[in-house]
Every structure is written in structure tokens, then in C-alpha cells.
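The values are calculated or read from the model by the stated rules, or taken from the named source; none is laboratory data. Predicted model only: the values in this text are computed from it and were never measured. Heads up, the Cβs are rebuilt from the backbone with ideal geometry, glycines too, and the neighbour counts pull from every protein chain shown. Heavy atoms of the whole protein, side chains included, go into the accessibility calculation; ligands, DNA and RNA do not. Shrake-Rupley method; radii C 1.70, N 1.55, O 1.52, S 1.80 Å.
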Amino acid sequence: MTDSNISSLEGKQHRLAYIPGLDGLRGLLVLLGPIIFHARPDFLPGGILAIDVFFVISSYLITSIALQEWHTTGHINLVAYAGRRVRRLVPALLIAITSLALYLAIGADKSLVTRWTGSLVSTLSYSANWFEIFSGVSYFQQFDNPSPMYHAWSFAIEEQFYLFAPFFLLFCLKFFRSHGVRVLVSLSALLALASAATMSILYTGGDPTRVYYGTDTRAQALFVGMALAGIIHLRGHPHTERAQKTAVAIGYVGVVGFVIAVFTISAQSSWMFNNGGFLGIAVIAAVMIVAISQPSKGPLHVFCQWGPLRWLGRISYGVYLFHWPIYLVVITPRRLETTGGFVFGLVLTVAVAALSFHFIEQPIMRRRVPFSVRRLVPWPTFAAALVVTTVAFVALLSANANKPSDIQQVLIPAPPSADGSSAGAELRVLVVGDSVSKQIGDALTAWSTSHAGKIVVYNKSHDGCVITRYGLKRVPGGQEGEVGDLCSAWDVVVPTEKLSDPNVISWVSSVAQFRPDVVIGYITAWDATDRLVPSLGSEWTHVGVANFDEYVKKEYRLATEVLTSTGAKMIWLRGAHVDRVITPQNDPLRIDALNDLVEDATAGLRVEFGDFPTFLGPIGTRRDRKIRRDGLHLSESGKTQVAAWLTTELLGVG
């Protein structure tokens, strides 16, 4: 993805023959993969596989250049190697990061500051894949707590690999001399197998984010590219007409296999992670590269050499780099789900990438100052890059200086009074539920700091958690994921010292120790989505199906009984319709039915219902969009408004 195809930018002594079809293949992949998959994952679930083909192409080309240089000069110039990487990647990356940092400091919602800062810094340091792993946000739920550079994980893996690659090459070529390339091929194949095995071992089912992002588990495709480069260097491309036709024929089989995979494989295809599926895709990519490199006038070559597709391939780095920030910031997730929004996002992405390629990236690759005929001089160029980087970091510092204080939840047990109830003037409020509940709890906590003596808040909400426990859930994009043990453990007793752990959800212990006066919960849309619950059979079900409706009622009644077991009043906030493209998983009729089920299930208990939909007003209005930044989650100003509404209308302490 990060190397244009190719050799006009390399030294004359070790240049490769230009293969126009590879640029066309890049153009197709950047369209199928990031552009369409990140906008329509339900339409193209296998779009995730495009990155593996990019990895193989990029590794193949860079290794081929290095081997040709070794063959021609007897050495690999590491300074020139590093210089090519920096000139190719850093200029456009600095533009993207600095622009996003300035937006974060000046115009973005302040609730985004912490996540965005980590994303931008890790992208600049080429560690974005590990940042995303440790942030705990699934790649496959991209609009939940979104990162502006979450797609930069692939850049990180490539650059981590390319720090390793030249030394690996030198080790093979210097220590094994005449057998060096053969050793390179053998070791690359073994390391590809080891990477695939690591993926299989680490993947235990459910969300595959760890193995999808990991350098150790994704390096398999890069090693396949290295092995292919070594084989071609040793044997050359097929020479006879028969051999060339055979290579092309095998390539067509690979293309058919890849197309089938793109439309049928998804993140839920566990066999891909357990049984070497990604390694298989990498081998298919190698077969396609060999086929496209042959002299042929067949349909595959005509298609891949089509001018517009080749041009898109040449600017594919910028397309990939800029598409997600444009989707997230300019188009916004709710508009991206419309046809018009998607088309506009595509056009804008290509336009920005083209401008970056022709006016920034290409001049710098040719060692020219952009918008000038002057030659690049190393130290002034470094100084200019340092200035731009400093602007980005100053913007990030400014954004962090003005962000809301991070909220640390600490359990404050209530001193019991003579009759066993909590003694104290402050109203004790426990908040439970999903990411919306978590934001509500944070909003109430922030309100309490400026209204001393009014309320004490304990927030035991967690992103993605449901009330109806166990099994699998299906997100609106169609991907499936586990409810998980964490979210299913709300009725499990835990030791008091574990309650302050944000990854421990025990409502029964929280109630016993905190002894709330009021419990607030949000009727989550996660309970309206498609579900696969083991106790209900092997079929997917949802609200509106009789057995699942009964299950919902049973779970919400039990949850309410647990949460009110020490005498607290329960306030369930009615679930609101989401301001997004409607799918079966977020159908307004399901959400309305879920609200009715909960009201029916909790009849006779100490329960009050808060009319959150009425507070928001009509869906999609200016008020609603000011309160809910993405059609579901609260903006920073929305949190303030929700806290004022709750404390005044429902808690009576405002």
C-alpha cells in the first residue's frame, strides 16, 4: 500500500521493470477494501482481505528492489532505503496528522480528546496497531468510540516489518553468501507459517481484534511477499509461452478465489483465523502478482492496465490515508450511511489524495521542494518536518489542556444508619448499562463536582454491555460478537476490593456495598439487536419473537430486583431511536417494543421510567444532533444537558 509501482523512483543501477498491472490491482484493492468496506461492511464483508494483498505486493516490491541492489552492487544502502521510506510516507502522513490535531484543538467535541490524542501519536510513531489493541475497541465496531486514524494499523505493521526487513535480508545474504537468497526464501516461508500458527493459537473465538491487528499475526502476508521476491530473483519469471500461459491460468483461479472470498468471508469466519485462511489469501495474492506480471492481452491484464484504475493505484496510499478522516470528520458516520454521503466521501477522498500525490508526495519523492523547482536539501527539509510535527504536538497539548477532567470511579461505601439504610445528606446514585449509560454516569459525576453535597455517583456501566445476558449479538453493520463474560456477570458476587476495577461488572455486589438511593439504567439498543442465546436454541432471534420476548422480560425483572434489593428506586430511561440508517438491528419498532417489554416486566416493582426520547426531541433535528454527536452517543454539550435534565426532573436535586 505504501509503495508506488515502482521503479522510476529507484536508482538506475537497481531498478525494476515497471509492471502496470500491479498499479491497477492496487486501485481495485483500495476501492474494494478501505473505501467500500469501511463504509458498507455488510455489503462487502471480505473487504478486510484487501490489506493482505497490499502487504504481499508491498513486501514483494521492496524486497525485489533490495535483492536487485545486492546483485548489482554487492550491498544494500540502508541510508538510501530509509530515505525512500521517509520521503514516500511521511509528508502526506504529517499533513493528515497535523490537520486532525488542529481540528481536535479548535473544533472537535472535547469528549474525543483522549482517544484521538492516543491515535494520532501512535500513528506518528508507527505503533497504531498496538494502540488499538490495548484501547479495547473492536476494529469491527468502527463507529463506537471512533479513532481518526484507526486504519493506520496497517501502516504500523508495514513499517515495523520494514525496520526488520533490511537486517533480515543482510543476515541471509551476508552469512550464507551464494545460498543467501535460498535461505531467505526458506526462512520467509517458515516465518509465514509461524505467523499463521501464532494467529491460530492466540485466536480463541469471538472478537478477533487482537489477531487482526497484531504484527506477529499479520506478518505472514509480508513474509509471503519476501519469499515470492526471492523465488523470482532466483528463477526469474516464466520464460516460455507455455509457462507464461500456465501462470496466467493459475492467476485466474486465484482471482476467482479472491473474489469469492471478498463476498463471503467476514470477521465471523473463525476458520480464517484458526486454519491459516489469511496465509491462503497471501498465497493467492502471490499467484495474482505472478500472473499480472506476465506479457498477456487477456481480460485480467486489460482490466488491471485500464488507465483510471492504474491512476487510482498510483494514488492508493493517499486514498487509504485520507479516506477514514474524511468519512469520520467531514462526511460523519450518519451521512456516510446514505448513498449521497458515501459517493461524496469517495469523490472527496480521491480528490484530496490526488492533490497530495501530485503536489506533495511526488515532488518530494523526486527530491524537489513542493510547488518549486528547487532541490530538497536534507537539513532544511528535516527542519520543515520538525516544525510541522511541532505544530501537531502543540495542537494536541492545547486540546488536552482544555479537555474535561478524566473521571475516576471510586466506590464510597455508605455508612449504615440504625435502620440499615444509607445515612448521609447526599443522594446516592448508581448508574448501570452500556456506553450511553456510561456517558450518563460520567455526566452526573461531573455535575456532582460543581454541586457539592447534592449527589454521590457510582458508575458501573461498560461499553457494549447488555441486560439480557449470554450468547452472541449482531451489530447494525451485520457483524457478530460475543456478549461476553464481563457483561453477563452482573448478578455474580465479587469481593469488595474488585469493585473499583472498571472491567468487573457486579451489580449485586455494587448495590450491597454502595447502597444507592436511586439506580439509573438505560434500556439499551443492544437488547433490540439480533441475538443468539444458548438457552433459547441454535437460531438467531430478536425482540418480537415470543421466546426472546419472555427472555427479555425475565432478565430485566431480575436485573431490577437485584438493583432495588437494598431499597433503592430504579429509574429506567426509555431507549431512544438512533439517528442512523435503519437496519433490522436498530429498527425503531424493535426499540419501542423493547421499552414496552421492560415496562411490562417490571410492573409492581419500585420503578420509574424516564422519557429520554422526549427529552431528545424529534430524531435528526438540530437539538438531537447537538446532544448526540453520532446519532447514538452523547456529545460533551449533550452530557451537560442530560445531567441538568436528570438532576432536575428525575432526581429532584437540581
TODO: Looking at (1) touching a helix residue (DSSP H, G or I) at 6+ places or on another chain (Cβ under 9 Å); (2) among the charged types (D, E, K, R); (3) at positive phi, find the lone condition where Asp491 falls short.
DONE: (3)
Task: Extreme residue, farthest from Gly206 (Cα to Cα), among residues of the range 522-536 that are open to solvent by less than 10 Å² (accessible area, probe 1.4 Å) and not hydroxyl-bearing (Ser, Thr, Tyr) - done: Ile523
Open item on the list: So if I check each of Ala267, Ala229, which one is small (Gly, Ala, Ser) and not in a helix (DSSP H, G or I)?
Closed with: Ala267
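Counting only residues that are assigned to a helix (DSSP H, G or I) and in contact (Cβ under 8 Å) with a residue 60 or more places away in the chain, which one in the range 500-521 is most open to solvent (accessible area, probe 1.4 Å)? Walk me through how you get there before you give the answer.
Quick first cut of the range 500-521, residues assigned to a helix (DSSP H, G or I) only: 507-514.
Still in the running and in contact (Cβ under 8 Å) with a residue 60 or more places away in the chain: 507, 510-511, 513-514.
On the way: Trp507: 7, Ser510: 0, Val511: 1, Gln513: 63, Phe514: 2 Å².
Per the stated criteria, the residue is Gln513.
Going by what's in this entry, would Asp600 be described as open to solvent by 60 Å² or more (accessible area, probe 1.4 Å), over 29 Å from the mean Cα position of the chain (by Cα), within 30 Å of Leu336 (Cβ to Cβ) and at pLDDT 95 or above?
In short, no.
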- [ ] Hey, could you check the range 406-443 for residues that are open to solvent by 50 Å² or more (accessible area, probe 1.4 Å) and at pLDDT 65 or above and say which is farthest from Thr648 (Cα to Cα)?
- [x] Lys438
Open item on the list: Within the range 197-254, take every residue that is of a type in the set (Lys, Arg) and under 24 Å from the mean Cα position of the chain (by Cα) and give me the one that is surrounded by the most Cβ atoms within 10 Å (Cβ to Cβ).
Closed with: Arg218
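Kindly indicate whether Leu102 is within 20 Å of Phe155 (Cα to Cα), touching a residue at least 60 places away in the same chain (Cβ under 8 Å), in a helix (DSSP H, G or I) and not hydroxyl-bearing (Ser, Thr, Tyr). Working first, answer last.
Details: within 20 Å of Phe155 (Cα to Cα): no; touching a residue at least 60 places away in the same chain (Cβ under 8 Å): yes; in a helix (DSSP H, G or I): yes; not hydroxyl-bearing (Ser, Thr, Tyr): yes.
Answer is no for this residue.
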Task: Pairs where the first residue, in the range 371-395, is more than 16 Å from Ala92 (Cβ to Cβ) and the second is open to solvent by 80 Å² or more (accessible area, probe 1.4 Å) and assigned to a loop (DSSP other than H, G, I, E, B), C-beta under 9 Å, 6+ apart - done: Arg375/Arg367
Open item on the list: Please go through the range 573-619 and give me each residue that is among the polar types (S, T, N, Q) and in contact with a strand residue (DSSP E or B) (Cβ under 9 Å, 6 or more places away or on another chain), ordered by number.
Closed with: Gln585, Asn595, Thr602
Open item on the list: Cβ contacts < 7 Å: first residue touching a residue at least 12 places away in the same chain (Cβ under 8 Å), restricted to the range 229-242; second residue aromatic (Phe, Trp, Tyr), any location; separation 6+ or different chain. Result?
Closed with: Ala229/Tyr60
- [ ] Please report, ordered by residue number, the helices (runs of 4 or more DSSP H) entirely within the range 522-636 with at least 3 residues that are in contact (Cβ under 8 Å) with a residue 24 or more places away in the chain.
- [x] 546-563, 588-601, 612-616
- [ ] Please give the number of the condition Ser296 fails out of (1) farther than 27 Å from Phe134 by Cα; (2) part of a helix (DSSP H, G or I); (3) open to solvent by 10 Å² or more (accessible area, probe 1.4 Å).
- [x] (2)
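Go through the range 322-335 and give me each residue that's in a helix (DSSP H, G or I), of a type outside the set (Lys, Arg) and within 15 Å of Leu632 (Cα to Cα). Before you say what the answer is, go through the steps one by one.
Quick first cut of the range 322-335, residues in a helix (DSSP H, G or I) only: 322-331, 333-335.
Filter again for of a type outside the set (Lys, Arg), leaving 322-331, 333.
Within the range 322-335, Leu328, Pro333 meet the criteria.
Table: residues versus (1) modelled with pLDDT of 95 or more; (2) over 30 Å from Lys473 (Cα atoms).
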| residue | (1), (2) |
| --- | --- |
| Ala189 | yes, yes |
| Ala192 | yes, yes |
| Thr209 | no, no |
| Gln220 | yes, yes |
| His233 | no, yes |
| Arg242 | no, yes |
| Lys245 | no, yes |
| Gly251 | no, yes |
Open item on the list: Quick check on my filter: what residues within the range 181-196 are open to solvent by 10 Å² or more (accessible area, probe 1.4 Å) and farther than 30 Å from Glu482 by Cβ?
Closed with: Val181, Arg182, Val183, Val185, Ser186, Leu187, Ala189, Leu190, Leu191
TODO: State whether one or more residues within the range 76-98 are open to solvent by 10 Å² or more (accessible area, probe 1.4 Å) and not in a helix (DSSP H, G or I).
DONE: yes
TODO: Just name the residue that is most open to solvent (accessible area, probe 1.4 Å) out of those in the range 570-586 that are of a type in the set (Val, Ile, Thr) and at pLDDT below 95.
DONE: Ile582
Open item on the list: Checking the conditions here, which among Glu561, Glu555, Glu539 is modelled with pLDDT of 95 or more and open to solvent by 20 Å² or more (accessible area, probe 1.4 Å)?
Closed with: Glu561
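Take the residues in the range 306-321 that are of a type in the set (Phe, Trp, Tyr) and assigned to a helix (DSSP H, G or I), then tell me which one is most open to solvent (accessible area, probe 1.4 Å). Outline the logic, then answer.
Applying the first criterion (of a type in the set (Phe, Trp, Tyr)) to the range 306-321 yields 306, 311, 317, 320.
When the remaining residues are screened for being assigned to a helix (DSSP H, G or I), the result is 311, 317, 320.
Numbers: Trp311: 94, Tyr317: 2, Tyr320: 3 Å².
Checking each candidate, the answer is Trp311.
Restricting the search to the range 331-350, which residues are of a type in the set (A, V, I, L, M) and either in contact with a Lys or Arg (Cβ under 6 Å, 6 or more places away or on another chain) or closer than 10 Å to Gly318 by Cα (or both)? First the steps, then the outcome.
Going residue by residue through the range 331-350, those that are of a type in the set (A, V, I, L, M) are 331, 336, 343, 346-348, 350.
The one that is of a type in the set (A, V, I, L, M) and either in contact with a Lys or Arg (Cβ under 6 Å, 6 or more places away or on another chain) or closer than 10 Å to Gly318 by Cα (or both): Val350.
Could you tell me which residue of the range 42-72 is surrounded by the most Cβ atoms within 10 Å (Cβ to Cβ), considering only residues that are in contact with a helix residue (DSSP H, G or I) (Cβ under 9 Å, 6 or more places away or on another chain) and outside any helix (DSSP H, G or I)? I'd like the intermediate steps shown before the answer.
Let us first name the residues in the range 42-72 that are in contact with a helix residue (DSSP H, G or I) (Cβ under 9 Å, 6 or more places away or on another chain), namely 43-72.
Okay, now just the ones that are also outside any helix (DSSP H, G or I), so 43-44.
On the way: Phe43: 12, Leu44: 21.
The qualifying residue surrounded by the most Cβ atoms within 10 Å (Cβ to Cβ) is Leu44.
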Open item on the list: Pairs please, first residue from the range 32-57 and touching a residue at least 40 places away in the same chain (Cβ under 8 Å), second anywhere and of a type in the set (Lys, Arg), Cβ atoms under 9 Å, 6+ apart in sequence or on different chains.
Closed with: Gly47/Arg40; Ile51/Arg218; Asp52/Arg218; Val53/Arg26; Phe54/Arg26; Phe55/Arg218; Ile57/Arg26
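Of all residues being among the β-branched types (Val, Ile, Thr) and part of a helix (DSSP H, G or I) in the range 345-386, which is most open to solvent (accessible area, probe 1.4 Å)? Just the residue, please.
Only one residue fits best here, namely Val347.
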- [ ] Taking only the range 112-171 into account, find how many residues are modelled with pLDDT of 85 or more, farther than 16 Å from Leu328 by Cα and either part of a loop (DSSP other than H, G, I, E, B) or not aliphatic (A, V, I, L, M) (or both).
- [x] 25
